[in-house]
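> So that we are looking at the same thing, I have put the structure below in structure tokens.
The values are calculated or read from the model by the stated rules, or taken from the named source; none is laboratory data. Every value quoted in this text rests on a predicted model; they were computed, and no experiment measured them. No Cβ is skipped: glycine too gets one built from the backbone with ideal geometry, and neighbour counts run over all protein chains shown.
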Amino acid sequence: MDMKIKFLAVILLTTLTGPVFAETVQDHYKEVIEQNPYSIEVCKDVTVPGKKNTDGAIFGGILGGVLGNQFGNGDGKTAMTGVGAITGAILGGGNGSLSTIQRQCQVETRYEETRRKLYSHSTVTFYNEGKKHTLKFQK
């Protein structure tokens, strides 16, 4: 049964059966958020790791070992060669990789929000024979 018909039927019945005292008629609203999509390009700098610099480490290790061997004398020669090789490998290898900074961009969908109040329904509150009644209806 339609809400308007129910409303009219209740009013009619209560009018015929006894006095009715209407207290309030109130409109109710709801807040609605509408989202409208739009696209935007977002860019950021990203560190991209490269391949390991093993060639520099190997060359630095050999060069450091040769130089350590030349400057060392006696039993310390072996220790100096090892220290030179390790130092040369570290310096020749650098930080271990050839990383680069790249600008990467991508398109993102974002939403602009608009808030609106829309009519939801109305209520009428009345008393009949000491009882409070509230009915919902659409205008």
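This table checks each residue for (1) at pLDDT 90 or above; (2) in contact with a helix residue (DSSP H, G or I) (Cβ under 6 Å, 6 or more places away or on another chain); (3) of a type in the set (Lys, Arg).
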{"residue": "25", "(1), (2), (3)": "no, no, no"}
{"residue": "28", "(1), (2), (3)": "yes, no, no"}
{"residue": "33", "(1), (2), (3)": "yes, no, no"}
{"residue": "41", "(1), (2), (3)": "yes, no, no"}
{"residue": "45", "(1), (2), (3)": "yes, no, no"}
{"residue": "48", "(1), (2), (3)": "no, no, no"}
{"residue": "52", "(1), (2), (3)": "no, no, yes"}
{"residue": "56", "(1), (2), (3)": "no, yes, no"}
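> Additional query: When you go through 100, 114 one by one, which is the residue that is more than 24 Å from residue 27 (Cβ to Cβ) and at pLDDT 65 or above?
Working: 114 fails: more than 24 Å from residue 27 (Cβ to Cβ).
So the residue among 100, 114 that is more than 24 Å from residue 27 (Cβ to Cβ) and at pLDDT 65 or above is 100.
> Looking only at the range 121-139, how many residues end up being touching a His at 6+ places or on another chain (Cβ under 8 Å) and part of a loop (DSSP other than H, G, I, E, B)?
Applying the first criterion (touching a His at 6+ places or on another chain (Cβ under 8 Å)) to the range 121-139 yields 121-123, 125-127, 136-138.
This time we only want the ones that are part of a loop (DSSP other than H, G, I, E, B), so: 138.
Counting residues in the range 121-139 that are touching a His at 6+ places or on another chain (Cβ under 8 Å) and part of a loop (DSSP other than H, G, I, E, B) gives 1.
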